[in-house]
1. Taking the Cβ-Cβ separation of Ala169 and Arg141 as r and a Förster radius of 30 Å, what is the calculated FRET efficiency to the nearest 0.05?
2. List residues of segment 41-56, by number, whose backbone nitrogen lies under 13 Å from a label position 7 Å along Cα→C-beta of Ile70.
3. Go through segment 142-152 residue by residue and turn each phi into a ³J(HN,Hα) via Karplus (6.51, -1.76, 1.60, θ = phi - 60°); whole Hz please, and just put x for glycine and proline.
4. Output the relative contact order of segment 88-194, whole-number percent, from Cα pairs under 8 angstrom with separation of 6+ residues.
5. If we count every other residue with Cβ under 12 angstrom of Gly42's Cβ, Lys/Arg +1 and Asp/Glu -1, where does the sum land?
6. Short version: ³J(HN,Hα) in whole Hz for each residue of segment 158-172, in order, from phi by Karplus 6.51 cos²θ - 1.76 cosθ + 1.60 (θ = phi - 60°), x for Gly and Pro, what are they?
7. Return the FRET efficiency for the residue pair Val41, Lys160: r is the Cβ-Cβ distance, R0 is 25 Å, and the value is rounded to the nearest 0.05.
8. Using only Cα atoms, locate the centre of segment 163-184 and the centre of segment 88-114, then give the distance between them in Å, rounded to an integer.
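All of the numbers you see were taken from the coordinates with simple rules; none came from a lab. The structure displayed is predicted, hence computed values, not measured ones. All Cβ positions, glycine included, derive from the backbone under ideal geometry; neighbour counts span all protein chains shown.
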Amino acid sequence: MILDVPSRAGESPTIGGAPATVLVSVREQDLNANFGQGHGVGWIDGVEATITINAVTDLISTGGQQKIVINDEGRIIALGSPERCFTPAQRRATRLRDGTCIIPGCTIPAGMSEIHHVIPHAEGGPTHTHNGVCLCWFHHRMLAASGWAIRMIRGAVQIKAPPWLETGARKWRNVTKSRTRMTDAVERKNVTRHD
Ligand SMILES: [Zn+2]
């Protein structure tokens, strides 16, 4: 099986603003048996070294996929249409809303971030701006291990710090580094101060 994965990683080239695609091949049984389990390997077209199944599933959850299935005789037996890709319009809207990678303290611009499905596509999470947030490459890969929790409330992003960073009752906080919303927040604060 070959997965044609649109890539939006920071360094990947884009052509006319459209995401470049990465061709990933993986044995179907490895992907199905080990989705998210960390066993098996995949191959990126043009790269000699293998990548882990986790890296394959990362690429799929980041960029979506177009599934191409090749049988044992070498014949293409299935050619899917692209699935679960955020559209360029959705990517632009999400970037404008979030401003940067949403992890507090991270300054990687949203334009260099990936769009993360807050509720994973595999668990029924829609490919919609209400379920997508900007995460830089590093925080996207490290999300599960880092302990940051993300949720969307009526389309707005909230984040909860990991236990190692905030002790006691950890709070959900709204998060944005959108320039316009930060300016609004400063103005509100100034108005309060003058009252
Ligand atoms: Zn980040």
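1. E(calc), rounded to 0.05, equals 0.60.
2. 43-46
3. 8, 4, 5, 6, 6, x, 5, 10, 10, 9, 10
4. For segment 88-194, the relative contact order is 24 percent.
5. Taking every other residue near Gly42 into account, the sum is -3.
6. In residue order, the calculated couplings are 10, 9, 10, 5, x, x, 6, 9, 9, 8, x, 6, 6, 9, 7 Hz.
7. In this case the efficiency is close to 0.15.
8. 15
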